[in-house]
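One structure is given below, encoded as structure tokens.
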Amino acid sequence: VRKGWAGVAALALGIALAGCGASSSAPSGASSTGGGTNNSSQVYVVGTDAAYAPFESVNPQTNQIEGFDIDLLNAVAKAAGFQVKFENTPWKGIFQALSIGQRDILISAITITDERKQSMDFSNPYFQAQQMIVVPPGSPIRTLQDLKGKKVGVQTGTTGDEIVTDFLGKTDPNIKRYDTTPLALEDLKNKGVDAVVADNGVVLDYIRQNSSKGFEHYTDPKFPKEYYGIAVKKGNTALLEKINDGLAKVKSDGTYDTIYKKYFGSAPPAE
Ligand code: ARG
């Protein structure tokens, strides 16, 4: 079924659901980047792969990183009384940058997965997403099954990559992997691939911004619901608690809804 912009709004629950993530032992101190202190003057360094509008992208006019995730984390930090500074960080090395202490926090439309929970801790979920299949106009592809034997583009190491790889097999030569999702979508436009699988919010934003391309988009009932979380280094319970505290505040005082409306044009659907 072809979905309009309202489709993603309906899919995106936004408001926090069950408490995932906030569990760890072994506190490791707040950060290695702020002089090792844990006081309020510390500026936490935030990694984000800013090629993912409307969640994070570089504004070509100002060169600033902006988007839903940026506004949200700024609001969370303000509410919880800490400071943040965003650093554009390629997806390829983003989890590594967190684990070696180059980044204190990651916000990058990151889906909370069991595998990722082994190596980092996640905040409570802040956004619901789902994979989407994008195809050029007139393509017969509608479902995951239809991708068999077709060239499929994904961003390396994303949940879209995982789903396609699980289905087509690790060694399928038809999977084409890109450093960013916009590069995959550009290649779809250039007919380098037959379809792209990526997060719904980003796909819909891309189509909206580049409407002349007329891409069509579908979801497969097999695609699970995904929830975005804010990540900290495994064991950084102190920082995680601040983030969850800030998240709860911006959700209850209406700030979350305001930011949601700014980027998605409507209020987040009720829980
Ligand atoms: N939600 C997907 C994942 O976690 C894709 C996220 C990609 N984010 C980005 N800023 N490039 O795998």
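Could you go through the stretch 133-149 and let me know if any residue there is of a type in the set (Ser, Thr, Tyr), over 21 Å from Val46 (Cβ atoms) and out of contact with any Asp or Glu (no Cβ under 9 Å at 6 or more places or on another chain). No, the conditions are met nowhere in the stretch 133-149.
Within the stretch 51-79, track down each residue that is within 12 Å of the ligand (Cβ to nearest atom) and either surrounded by fewer than 21 Cβ atoms within 10 Å (Cβ to Cβ) or within 19 Å of Asp179 (Cα to Cα) (or both). Don't jump to the end; show me each part of the working.
So in the stretch 51-79, the residues within 12 Å of the ligand (Cβ to nearest atom) come out as 51-58, 65, 67-70.
Result: Ala51, Tyr52, Ala53, Pro54, Phe55, Glu56, Ser57, Val58, Ile65.
A residue that is of a type outside the set (S, T, N, Q) and part of a loop (DSSP other than H, G, I, E, B) cannot be found anywhere in the stretch 236-249. Thr111 falls short on exactly one of the conditions (1) closer than 20 Å to Val154 by Cβ; (2) away from the ligand (no atom under 14 Å from the Cβ); (3) not charged (D, E, K, R), and that condition is (2). Inclusion of Thr258 among residues that are assigned to a helix (DSSP H, G or I), over 17 Å from the mean Cα position of the chain (by Cα) and either within 16 Å of the ligand (Cβ to nearest atom) or aromatic (Phe, Trp, Tyr) (or both) is not warranted. Does the stretch 88-103 contain at least one residue that is under 18 Å from the mean Cα position of the chain (by Cα), polar (S, T, N, Q), under 24 Å from Asn236 (Cβ atoms) and within 13 Å of the ligand (Cβ to nearest atom)? Looking through the stretch 88-103, at least one residue is under 18 Å from the mean Cα position of the chain (by Cα), polar (S, T, N, Q), under 24 Å from Asn236 (Cβ atoms) and within 13 Å of the ligand (Cβ to nearest atom). When we screen Pro173, Pro140, Pro125 for residues that are crowded, with 17+ Cβ neighbours inside 10 Å, in a loop (DSSP other than H, G, I, E, B) and more than 11 Å from the ligand (Cβ to nearest atom), the only hit is Pro125. Sub-7 Å Cβ pairs linking a first residue in the stretch 142-171 that is at positive phi to a second residue that is surrounded by 16 or more Cβ atoms within 10 Å (Cβ to Cβ) and not in a loop (DSSP other than H, G, I, E, B), at least 6 apart or interchain, are Gly157/Trp91, ordered by first then second residue. One residue alone among Thr113, Thr48 is of a type in the set (Ser, Thr, Tyr) and crowded, with 20+ Cβ neighbours inside 10 Å, and that residue is Thr48. Selection of the stretch 70-107 for residues being assigned to a strand (DSSP E or B) and among the charged types (D, E, K, R) yields Lys85, Glu87.
For Lys150, the conditions (1) farther than 28 Å from Gly229 by Cα; (2) assigned to a loop (DSSP other than H, G, I, E, B); (3) touching a Lys or Arg at 6+ places or on another chain (Cβ under 9 Å); (4) of a type outside the set (Asp, Glu) are fulfilled apart from (3). For the stretch 154-170, name all the residues that are near the ligand (Cβ under 10 Å from one of its atoms) and surrounded by 22 or more Cβ atoms within 10 Å (Cβ to Cβ). Those that are near the ligand (Cβ under 10 Å from one of its atoms) and surrounded by 22 or more Cβ atoms within 10 Å (Cβ to Cβ): Val154, Gln155, Thr158, Thr159, Gly160.
Every number in this text was worked out from the coordinates using simple rules, so none of it is lab data. From a predicted model like this one, the values you see are computed outputs, not experimental measurements. Ideal geometry is used to build each Cβ from the backbone, glycine not excepted, and the neighbour counts take in all protein chains shown.
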